[in-house]
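Take a look at the structure set out below.
Every number in this text was worked out from the coordinates using simple rules, so none of it is lab data. All values derive from a computational prediction rather than experimental measurement. Every residue, glycine as well, gets a Cβ built from its backbone with ideal geometry; the counts of neighbours run over all protein chains shown.
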Amino acid sequence: MADHRVIVVGAGIAGLSAALSLAASGVQVTVLERAAAPGGKMRQIAIGPARIDSGPTVFTMRWVFDELFAELGTTLEDHLTLTPLDILARHAWTDRRTLDLFADEDRSTDAIGHFAGRSEAEGYRAFCRDARRIFETLRDPFIRTPAPSMTHLLRNAGFRDLTAIRPFQTLWKALGGYFRDARLQQLFGRYATYCGSSPFHAPATLMLVAHVEQAGVWLIDGGMHELAAGLAALARRHGVDIRYESEVARVVTNSGRAAGVRLADGEQLDADAVIATADVAALAQGLLGGDAARSLPAIPHSARSLSAMTWSCMARADGFPLVRHNVFFSRDYSTEFDQLIERRAMPAEPTVYVCAQDRDDQPHEAGVNEPLFVLINAPATGDHHRFPPSEISQCARQTFDLLQRCGLSIATTPELTRVTTPADFNRMFPGTGGALYGRSSHGWMASFQRPGAQTKLPGLYVAGGSAHPGPGVPMAALSGRMAAGKAISDLASIARSQRTAMRGGMSTR
């Protein structure tokens, strides 16, 4: 494979994972990244000396990265320091009640029993059992399969297991069978937002996300961005050429297949294959040229996942015992998602996620500034709605008022705060409207509508959170590895099929 060159567009988790898998097979790899640093959506925002993680904040499914590092003959621990969390997340409501979920299922069951009663604790046991079964049913025939289909899933999982994953029932309706307490329905319904979706529209299959978290959440010393930096450093040690501030303008074709890329400055780079990790919606709109656009189906605006409005700040947090991951729920979940999904508007009272990245499970010194990342869901309208300062201020009031009602007071200043709107996300990731998770997971067929690694254009492959198997840090890494695997397989096939001149004037494969 040393005679082959592959260009990877994007140095996010998917692009870096693809590059590492390609390098492990001996392929020459060039990674082209528009930004000045690796990470993609896994970004950091600098406020003074602080570096605040302002993208994905939860690290799960570490086995994906254990496998990736093993492919390079090393281990995850050789490059990063990871610590398992005891408290997965702290949840709060405006009645000032709180509930912690733990890495230990028994402790979570006891906590739910104290919070809502014995029957709800029994419901949680049943929920965990079914969530685990869904994940185990889908792990190999779907999640780890490069281009799954319903036929493939039926053949490998069987009809009984397929019905057990509950694709035809919404997550919200399914939760009503486990929990009568509306607060618990909110808590576990929130896992749909990990895919940028609504629990009232997404299938109950997304219960598997709860199992993924229950199986372990880790802290990365230095923050999540250290994962991207570590992958980039490892890639370079294995000969990968990473070029930052190199914007790709189009995929170049020759004889009906991808043959390289042209940069925005006019430079052209040749390759035997191209792996693009931009959002598939951007590719389908022609942001990397007409040939690439025709290789993928368009995504209607109505199928976009959620976006977000975020505040990255140095702030003083008082009145509430924050841990690393904290969720503060609105009083009317149904209205919140009706505004987000049906009206495509910011919710009047949002559910708020707060990541206190300097904290773990232990109490923190009160009264001092610390890095906080505050996030609310938003519609992906950033390509046609500008989010003026007056609207941002109103959203801030609604967000921080909700936190105050739950007992948390956050004090900061404009100089110590950076706001990111869906319009900002659309500028960073063009063609998306600010959608952070690709296509939404609404409806039982949505997961099969995400494109697999191979496109209709030979030699062009896609990876990332908008491709199969979906959004999230480990899923993006899986998609990158699967795209690399498909490219390697195809290149080897091409090499075997090349005709070679033989004595007697004949040629053979």
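Distance between Cα centroids, segment 102-144 to segment 310-353: provide it in whole Å.
24 Å
With a cap of 12 neighbouring Cβ atoms within 10 Å, and only residues DSSP puts in a loop, list the GluC sites (Glu not before Pro) found in segment 330-386.
On the way: sites: Glu336, Glu342, Glu365; in loops: Glu365.
Passing sites in segment 330-386 are Glu365.
Identify, among Pro469, Phe337, Leu184, the residue whose Cα sits farthest towards the positive end of the charge dipole of the chain, taking +1 on the Cβ of Lys and Arg and -1 on the Cβ of Asp and Glu, with the dipole about the Cα centre.
Of Pro469, Phe337, Leu184, it is Pro469.
GluC sites (Glu not before Pro), restricted to segment 178-249: which are DSSP loop and have at most 15 other Cβ atoms within 10 Å? Walk me through the intermediate numbers first.
Details: sites: Glu213, Glu226, Glu245, Glu247; in loops: Glu245, Glu247.
When the GluC sites (Glu not before Pro) of segment 178-249 are filtered for loop state and at most 15 Cβ neighbours within 10 Å, Glu245, Glu247 remain.
Cross-link candidates for Lys456: which aspartates and glutamates have Cα within less than 17 Å, leaving aside residues fewer than 8 places away along the same chain?
Asp272, Asp279, Asp291, Asp490
Does segment 4-156 come out rounded, prolate or oblate by the C-alpha gyration tensor, with a ≥ b ≥ c the root eigenvalues, rounded set by a/c under 1.5 and, if not, prolate when a/b is larger than b/c and oblate if not?
Values: a/c = 2.50, a/b = 1.46, b/c = 1.71.
It comes out oblate by the Cα gyration axes.
Amide H of Ala258 versus every other amide H placed in the peptide plane: which residues, excluding those fewer than 5 positions away on the same chain, fall under 5 Å?
The list, which skips near neighbours in sequence, is Gly459, Leu460.
Using the basic label-point model (7 angstrom from Cα toward the beta carbon), what is the Arg418 to Asp270 distance in nanometres?
Here the answer is 4.0 nm between the modelled labels.
Please give me, ordered by residue number, the trypsin sites (Lys or Arg not before Pro) of segment 305-371 that lie in loop per DSSP and have at most 16 other Cβ atoms within 10 Å.
Those satisfying the criteria are Arg331, Arg343, Arg344.
What nm value, rounded to one decimal, do you get for the distance between Gln404 and Asn254 when each label is placed 7 Å out toward the C-beta?
The two pseudo-label positions are separated by 6.4 nm.
Read through the labelled values [x] 188; [y] 136; [z] 150 and report the label of the one computed as volume of the Cα convex hull per residue in Å³ from the structure.
Calculated volume of the Cα convex hull per residue in Å³: the matching label is [z].
Full-extension gain between Ala36 and Ala345, please, as 0.36 nm times their residue separation minus the C-alpha to C-alpha distance.
Computed gain between Ala36 and Ala345 is 108.0 nm.
Across the chain, where is the longest run that never hits chymotrypsin sites (Phe, Trp or Tyr not before Pro) in a DSSP loop with at most 14 other C-beta atoms within 10 Å? The partial results should precede the final answer.
Details: sites that count: Phe168, Tyr244.
Excluding the exposed sites themselves, the longest stretch runs over 245-509.
Check cross-link reach from Lys41 to the lysines: straight Cα distance under 25 Å, and skip same-chain residues fewer than eight apart.
List returned: Lys486.
Give the long-range amide H neighbours of His91: residues separated by 5 or more places, or on another chain, with amide H under 5 Å away, using H modelled in the peptide plane at 1.01 Å from N.
Amide H neighbours of His91: Leu99, Asp100, Leu101, Val327.
Given points 7 Å out from each Cα along the Cα-Cβ axis, report the Arg118 to Lys173 separation in nanometres with one decimal.
Here the answer is 3.2 nm between the modelled labels.
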